[in-house]
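Notes follow the structure.
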Amino acid sequence: MKLRSVSPRTWNGAVALVVAAFVFAAPAASQPRIDVSILPQKNTAFEPLPSNIVAAFEKGNFLESVIVLPNGDLLITEAIGHIVWRVSSTGTRTLFHHSDIQPVGLAVDIDGRIVSSGRTADGTGAVFIFHDDGELERTIPIEGAQFLNGTTFVSPGQLLVADSGAGTILQVDTDTGEVRIWLSGEVLQSHPDRNPLLPAVNGLKLFDGSVYATNSSRMTVLRISLIGPDHRAGEPETVSENVVLDDLAIAADGTIYGTTHIYDSVIRIEQDGSATTIARAEQGVAGSTAAAFGRRTEDRNTLYVVGDGGFYLDPENPAAANVVAIDAGEPGLSLAASLSHLAYPGMERAASMAVVRCITASGSDERRRAAAPDYTRFLELNMTRIAFAGQVYGDGRKAEPTARLYFMHGLDEARAEAMMEGSPYFTEGVYSSCDAEPFDVMLGSMIGAVAWPDEVSRDR
C-alpha cells in the first residue's frame, strides 16, 4: 500500500515512517494497523508458481515501485530512505538516486526517459525526471496534490499519475510541465467505511487502449478506455472486485497479476474475473507492493515483485523486504505493445536520396564570412533539389559547425557531390571536402509515414 504524509526517522534502531499522528496510534505495538479479517477479501485457490528471491533488503526498508529497464536492470523506489535503487537481474544492488526528494511511483517512457511521482523536500507533490545516470534532470511541481502514487504513460510524454489522497488521476505533460485532472469521481475515491490507511486509486497500467487502475480502499480494479487523439478518459468499468490490490502488471494476453500488500501475496486474475493466488509470504512476497515483467527475451516470462516485508501493516515486526522473481509461464506486455492504441502511420515507398557531407576546413572563418551571401543564395536557388540541410556541431553548439549535411532528391550521388563542389563554400575553401553517399528515407514526421507495413512493427 502506498504512504500518506511521509518523513523519515529512526524507529527501534531501523528507519521508519511517520504517515500522520493517527496512523501509528495502534492499540498495541504488536497489533497490525489494519484488521484484514473484516475486509471482504475474495477466497482464492493457492497454486504457487516457481520463484526465487533475487535480492533481500534489510528489515524496515519499504520497496514501493519497480520498473524494468531495457538492459534487464530493475529500478526500485525505497520510500522511507528517499532512494531509487538499481538492482540487476542477478541481485547486484547499486544506488541510482538519493536526495531529499521522496520518489514513490516509477515509469519509463518509450524513449527511455525515467520519471517518478512523489514529493519534494518541502512536501509538495511533484513528478521527477531523471537522467540515465540517476541525476535529477527536472522537477514538475503539482501544487495541491495530496499523495502522488502509481504512474503510467498513455503516449510519449503524456503521463498519468494517481493521487491516492485526492482520489483522482492527473495527466502530466513531461515536456511542457502542464498538469490537468484526467479523471475524478467516486470510483477513484476511498471507501467511506474502511480503514483510511487503505489508499484510494493506486496502481496504474496500460493495456489494449485502456488504463487499468486499482482502488485498494474499494477493493476494485477498473478499466478506463482512452478516447480520441488526446486520450480522454472513458467511463470506468469494474473488472475485478473484493480483492485488495496495490499495484498490477499485465501479461500480453490481458491476464492481470496483482500485488495485495497487506495480504502478503500475489494474485493472478483471468479475463473472466476468476482469481488464483500464485505466491505468498513463504515465497518472499511479504508486503508485496509492486510488480513488473522482464523486458529481455530471457526474462519476458518473469514477474518481478517487490515489497516492504509487511512493514506497512505491522511496522514493529517486519520481515526482509525482497525482490522476488516469479516464473509466470507467459510473457509480459512489451513497452511498445502497451501503446498499441496509438495509430499506426501510413506506408510510403522508401524515398531514395543522396546525402552529401561537407567538412569545414580548419581556419576558414574569414573565408566563410566573405562567401556567406553567395553561398546562401546558391542554396536558395537549389531548394527544389535539397530536401533538407543543416549544420553538424561536432564540438558543441557554442563552437562553429564542423560539417554540413545536404539531403538531395532527384540526384544520384555523383551529381549531388558535383553540385556541392560547385557551391561557393567549396570553391572558396570553406569546405575541405564534400562526399556523397546513397540514403533511403524510412520514416519521419517530415514525411508522415514509414516505409514498412503495419505488420512489421506489431508485437508478435
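The values are calculated or read from the model by the stated rules, or taken from the named source; none is laboratory data. Just so we're clear, the structure is a prediction, and the values are computed from it rather than from any experiment. Every residue, glycine as well, gets a Cβ built from its backbone with ideal geometry; the counts of neighbours run over all protein chains shown.
Here is how the numbers come out for the structure above:
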| quantity | calculated |
| --- | --- |
| Test result for ALA56, surrounded by fewer than 19 Cβ atoms within 10 Å (Cβ to Cβ) and small (Gly, Ala, Ser) | yes |
| Residues located in the range 312-327, provided they are under 18 Å from GLU282 (Cβ atoms) and surrounded by 21 or more Cβ atoms within 10 Å (Cβ to Cβ) | LEU313, PRO318, ALA321, ASN322, VAL323, VAL324, ALA325, ILE326 |
| Verdict on GLY396 being out of contact with any Ser or Thr (no Cβ under 7 Å at 6 or more places or on another chain), of a type outside the set (D, E, K, R), part of a strand (DSSP E or B) and surrounded by fewer than 13 Cβ atoms within 10 Å (Cβ to Cβ) | no |
| Number of the condition not met by ARG295 [criteria: (1) farther than 17 Å from SER65 by Cα; (2) at pLDDT below 95; (3) not aromatic (Phe, Trp, Tyr)] | (1) |
| Strands (runs of 3 or more DSSP E) (entirely within the range 239-311) containing at least 2 residues that are buried (at least 24 other Cβ atoms within 10 Å of the Cβ) and polar (S, T, N, Q) | 288-293 |
| Residue satisfying condition, being among the charged types (D, E, K, R) and modelled with pLDDT of 95 or more, within set ARG113, ARG119 | ARG119 |
| Filtered residues of the range 412-442 (kept if over 20 Å from THR376 (Cβ atoms) and touching a helix residue (DSSP H, G or I) at 6+ places or on another chain (Cβ under 7 Å)) | ASP435, ALA436, GLU437, PRO438 |
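Each row is one residue, and each column tells you yes or no for (1) touching a helix residue (DSSP H, G or I) at 6+ places or on another chain (Cβ under 6 Å); (2) modelled with pLDDT of 95 or more; (3) over 22 Å from VAL115 (Cα atoms).
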site	(1), (2), (3)
LEU170	no, yes, no
GLY185	no, yes, yes
GLN189	no, yes, yes
PRO196	no, no, yes
ASN202	no, yes, no
ASP230	no, no, no
